[in-house]
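Have a look at the structure below, then the notes.
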Amino acid sequence: MQITDLSVRELSDELAKGGLSSVEITKAYLDAIERDNSTEKPLNAYINVFNELALDCASEADKRIKTGDFSALTGIPIAFKDNINIKGYPTTCASKILSGYKATYDATIVEILVNREGMIPLGKTNLDEFAMGSSTETSFYGVTRNPYDRDRIPGGSSGGSAAAVAGKLAPVALGSDTGGSIRQPASLCGVVGVKPTYGAISRYGVVAFASSLDQIGPLARNVEDASLLLEFLIEHESRDATSLDLGKKKFNLNPDVKGLKIGVPKEYFVEGMDKEVETNIRVLIDKLVSEGAEIVDISLPHTEYAVPTYYILSTAEASSNLERFDGVRYGYREKSETLSEMYIKTRSNGFGEEVKRRIMLGTYVLSAGYYDAYYLKSLKARTLIKRDLDSALKKVDLILAPTSPTAAFKIGEKINDPIAMYLSDIFTLSVNLAGLPGLSVPCGFTEDGLPVGAQVIGNLLDEEKVLSLALAIEKLSS
């Protein structure tokens, strides 16, 4: 078995007993990235690879391990989505407008995982520009490919992180999830992706897309690895006003589903959904019943409003958050005769088409005369969507649904059809609007060998229960 085949837990055990060094593990991953980049169709999972930094950190981790001063994560390589700051290294958000910019401080999650626990930063992964997309095709640095079929997309916006983990170019990675951007690519790439309760993990040092929706979470090859990373990531951050003080977390996962009430929403099995995706979910439901779970039919009647609600609220917040990228303080700048001309040229040439589309939409819905008609109504719709989920979760322990309505589609298939692309997140958006924990776990494959993911949704702060059901699904699907 190759080093890159080992799980985080297996790597940690090898490091603890001296079977492997962190330098050996890190070199194995850096070599794998280099080999992939030399192929005819590279995954293009990374925007920047930190060869020197990674090996320096690995050497320090080995010293720590020898002294006995280490945790289960010390010496383990990790990839970071490129909207997460690492001091002294580029943060591009996959946008031309941030070319040349280097972060001046570490994100909290980098402080925890790298500076304190001794994980090894392999590099920054590709994403849809400013995390706006569902396919990782809007990146200024080119499309990322799906490890299962390199002519298909990996999902988005955390497509680089998902592809890196699935393609064995990182044992684990971090992504951000605003409307499904961890769970949808996790589903399409056949890995585990977790969006925790809003505020459970600090977003300090993460470039904002839509601040009331964004959440950081792990992508891993199995539920145990994702759970382990979450235990370290959930920590209060005083510099983040949205950060919850939940104390130290330790998840005790129980895959026994006997007597568990699992709600299945009828609105998540809709016309236009891929039949093979539905078949895999239905087969999974039958397996859960055979294990003693109780399946309860539930209704989330306002689901049909999730897409327009999300795209009004998220673009409104994005138009505000991206106002700071004007050529004055960060990255790319166009030479011009006047200040106003510089603003216009820099933003016109620095932002991609999808980002400009969303800025324009967000500015429109916040403008005088349209605020009440669009933005205010969307806030009310968000409340109704949250009430649907809260009501359902009073009747059941957890909710089970497909993560994505389709398996991975071909590169270029939907890039010129924004509405079709936006519908890729139809099953994940409501979880962000409600601030609930959600997770995607592999549950099967299509006839073409493409992964299908099942989504588990739980009550606020119920990550342990969500992870436990995901572990049960993982065992039933293996």
Ratio of the Cα radius of gyration of region 307-372 to 2.2 N^0.38 Å, where N counts its residues
1.22
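Report the Stokes-Einstein translational diffusion coefficient (µm² s⁻¹, integer) for region 289-340, Rh taken as the Kirkwood radius over Cα pairs, at 25 °C with viscosity 0.890 mPa s. Don't skip to the end; give the middle numbers.
Numbers: Rh = 16.0 Å.
This corresponds to a translational diffusion coefficient of 153 µm²/s.
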Give the calculated FRET efficiency between Phe269 and Ile344 to the nearest 0.05, with a Förster radius of 51 Å applied to their Cβ-Cβ distance.
0.60
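Send over the per residue convex hull volume for region 361-402, Cα only, as a whole number of Å³.
Working: hull volume 3.1 nm³, N = 42.
Value for region 361-402: 74 Å³ per residue.
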How would you rank His302, His236, going from fewest to most other Cβ atoms within 10 Å of each one's own Cβ?
His236, His302
Which whole-Hz ³J(HN,Hα) couplings does region 237-244 yield from phi under the Karplus relation 6.51 cos²θ - 1.76 cosθ + 1.60, θ = phi - 60°, glycine and proline marked x?
10, 5, 7, 10, 5, 9, 6, 8
For Leu246, the residues 5 or more places away or on another chain with a placed amide H closer than 5 Å to its own amide H are His236
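Kirkwood Rh over alpha-carbon pairs of region 82-212, then Stokes-Einstein at 20 °C and 1.002 mPa s: what D in µm² s⁻¹, rounded to an integer?
147
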At a 10 angstrom cut-off on C-beta neighbours, averaged per residue, how do the peptides 330-338, 138-146 rank from highest to lowest?
138-146, 330-338
Looking only at the chain, where both bridge partners belong to it, what percent of the DSSP beta bridges are antiparallel (to the nearest 5)?
65
From the phi angles alone, apply the Karplus equation (6.51, -1.76, 1.60; θ = phi - 60°) to region 93-104 and give each ³J(HN,Hα) in whole Hz, x where the residue is Gly or Pro.
6, 6, 10, 4, 5, 9, 5, x, 7, 10, 5, 9
Near the amide H of Val296, under 5 Å away, which other amide H atoms are found, from residues 5 or more places off or on another chain, if H is placed in the peptide plane?
Ile262, Gly263, Val264
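Go ahead and run the numbers for FRET between Lys394 and Asp13, Cβ-Cβ distance against an R0 of 35 Å, rounding to 0.05. Could the numbers behind the result be given before it?
Numbers: r = 41 Å, r/R0 = 1.17.
The value I calculate is 0.30.
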R0 = 41 Å: FRET efficiency of Ile295 with Glu40, Cβ-based, nearest 0.05?
0.35
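Run the numbers for Ser59 and Ser71: contour at 0.36 nm per residue of separation, minus the present Cα-Cα distance, in nm. Mind showing how you got there, number by number?
Details: separation 12, 0.36 × 12 = 4.32 nm, distance 1.56 nm.
Stretched fully, the Ser59-Ser71 segment lengthens by 2.8 nm.
When you have a sec, figure out the Kirkwood radius of region 1-106 from all distinct Cα pair distances and drop it here in Å to one decimal? Could the numbers behind the result be given before it?
Numbers: mean 1/r = 0.0658 Å⁻¹.
Every distinct Cα pair counted, the radius reaches 15.2 Å.
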Counting pairwise Cα distances across region 249-394, what percent come out greater than 26 angstrom?
54
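Which order results if Leu393, Leu127, Leu429 are arranged by neighbouring Cβ count within 10 Å, fewest first?
Ascending number of Cβ neighbours within 10 Å: Leu393, Leu429, Leu127.
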Across bins of 5 angstrom width beginning at 0, how are the C-alpha pair distances of region 166-254 distributed, in whole percent?
3, 15, 24, 24, 19, 11, 3, 0
Label Ala241 and Lys261 with points 7 Å out from Cα along Cα→Cβ: what is the distance between them in nm?
3.8
Cα-based Rg/(2.2 N^0.38 Å) for region 47-130, rounded to two decimals, is 1.13
Of all DSSP beta bridges having both residues in region 3-233, the percent classed as antiparallel (nearest 5) is 65
With the charge dipole of the chain built from beta-carbon charges (+1 for Lys and Arg, -1 for Asp and Glu) about the Cα centre, the Cα from Pro42, Ile385, Ile281 projecting farthest to the positive end belongs to Ile385
Ratio for region 3-233, C-alpha Rg to 2.2 N^0.38 Å, reads 0.91
Taking 0.36 nm per intervening residue step and subtracting the Cα-Cα distance, what contour gain separates Asp448 from Tyr370 on full extension?
23.5 nm
Note, ³J(HN,Hα) from phi for region 162-172, Karplus 6.51, -1.76, 1.60, rounded to Hz, x at Gly and Pro:
5, 5, 5, 6, 5, x, 6, 9, 6, x, 7
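Since every read-out is calculated from the coordinates, none of them should be taken as a lab result. Just so we're clear, the structure is a prediction, and the values are computed from it rather than from any experiment. A quick note on method: Cβ atoms are made from the backbone with ideal geometry, for glycine too, and the neighbour counts reach across all protein chains shown.
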